[in-house]
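Down below is the structure, laid out as structure tokens.
The values are calculated or read from the model by the stated rules, or taken from the named source; none is laboratory data. Computed from a predicted model, the values in this text were never measured in an experiment. A quick note on method: Cβ atoms are made from the backbone with ideal geometry, for glycine too, and the neighbour counts reach across all protein chains shown.
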Amino acid sequence: MNRIKILGFAGSLRKNSFNRALLKAAVELCPKEAEMETFDLEGIPPFNQDLEADPHPRVKEFKAKIRAADSLLIVTPEYNYSIPGVLKNAIDSASRPYGDSAFAGKPLGIMGASVGMTGTARAQYHLRQCCVFLDMYPMNQPEVMVPFANEKIDEKTGKVTDPKTKAKIEELMKALITWTLRMRPLEKVV
């Protein structure tokens, strides 16, 4: 059996962000049944529908990486009770023009970290709303919403230091592999 290909990306451009640290931990904790690649959203220009028929090279690259993956992992911060603009912009860019979405049919894992007590819960639920139109299959469990991230992640080294957080990330990665395998028969039927 071929190893499952997972593409992960964080909805933050800040180099030392807590969410990039979670993404890095996911790569390190990825089970051997899968290989995980990451994509940096830096360089994706603001979405402009006038240009969607001839997308920017960075958007083309992003769409190709999404299509080549068996499943996705999105790591999102929470800003103003929602997903960050950079993440929404990347999603809009890779799902356009209408009928050429790179996301259709993709299994998805979601996680996020914040310094607040809700640990990106509202952003994750908002992201799930976007997944409906994108025709993606987000996992329901486990939910990985890391609160008080400044106490669980060393911002200078970009390392997750909290054992419980590491265990939840590992649990999510194992579940994403299982979820991806469960979704494969649906691809064959269609």
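Considered as a group, the residues in the range 128-183 that are surrounded by fewer than 19 Cβ atoms within 10 Å (Cβ to Cβ) and among the small types (Gly, Ala, Ser) include one that is nearest to the chain's Cα centre (by Cα), and that residue is Ala175. None of Ser114, Ser71, Ser93 is of a type outside the set (Val, Ile, Thr), over 28 Å from Lys152 (Cα atoms) and surrounded by 17 or more Cβ atoms within 10 Å (Cβ to Cβ) except Ser93. Look at the range 48-70: where a residue is over 23 Å from Ile6 (Cα atoms) and a partner is of a type in the set (Ser, Thr, Tyr) and in a helix (DSSP H, G or I), sitting 6+ places away or on another chain with Cβ atoms under 7 Å, you get Pro55/Ser93. Scan the range 124-150 for residues that are closer than 16 Å to Leu172 by Cβ and polar (S, T, N, Q) and jot them down. Result: Gln124, Asn140, Gln141. The residues of the range 96-111 that are touching an Asp or Glu at 6+ places or on another chain (Cβ under 8 Å) and surrounded by fewer than 22 Cβ atoms within 10 Å (Cβ to Cβ), listed by number, are Arg96, Pro97, Ser101, Phe103, Ala104, Gly105. Within the range 74-88, the residues that satisfy the criterion of being surrounded by 22 or more Cβ atoms within 10 Å (Cβ to Cβ) and either of a type in the set (Ser, Thr, Tyr) or assigned to a helix (DSSP H, G or I) (or both) are Thr76, Leu87. Only one entry of Arg128, Arg122, Arg182 meets the criterion of being at pLDDT below 95 and not in a strand (DSSP E or B), and that entry is Arg182. Checking every residue in the range 73-80 against the condition of being among the polar types (S, T, N, Q), out of contact with any strand residue (DSSP E or B) (no Cβ under 8 Å at 6 or more places or on another chain) and more than 22 Å from Glu37 (Cβ to Cβ) gives at least one match.
For the range 29-61, the set of residues classified as in contact with a strand residue (DSSP E or B) (Cβ under 6 Å, 6 or more places away or on another chain), surrounded by 19 or more Cβ atoms within 10 Å (Cβ to Cβ) and of a type outside the set (A, V, I, L, M) consists of Cys30, Phe39, listed by residue number. Within the range 1-48, the set of residues being in a loop (DSSP other than H, G, I, E, B), within 19 Å of Arg67 (Cα to Cα) and among the basic types (Lys, Arg) comprises just one member, Arg3.
Of all residues in the range 71-99, those that are without any contact (Cβ under 8 Å) to a residue 40 or more places away in the chain and aliphatic (A, V, I, L, M) total 1.
When you scan the range 148-163, do you find a residue that is in contact with a strand residue (DSSP E or B) (Cβ under 8 Å, 6 or more places away or on another chain), on the phi > 0 side of the Ramachandran plot and not small (Gly, Ala, Ser), even just one? Checked the range 148-163: no residue is in contact with a strand residue (DSSP E or B) (Cβ under 8 Å, 6 or more places away or on another chain), on the phi > 0 side of the Ramachandran plot and not small (Gly, Ala, Ser).
Quick one: in the range 155-169, of everything that is free of Cβ contacts under 8 Å to residues at least 60 places away in the same chain and not in a helix (DSSP H, G or I), which residue is farthest from Ala113 (Cα to Cα)? Top of the filtered list is Thr157.
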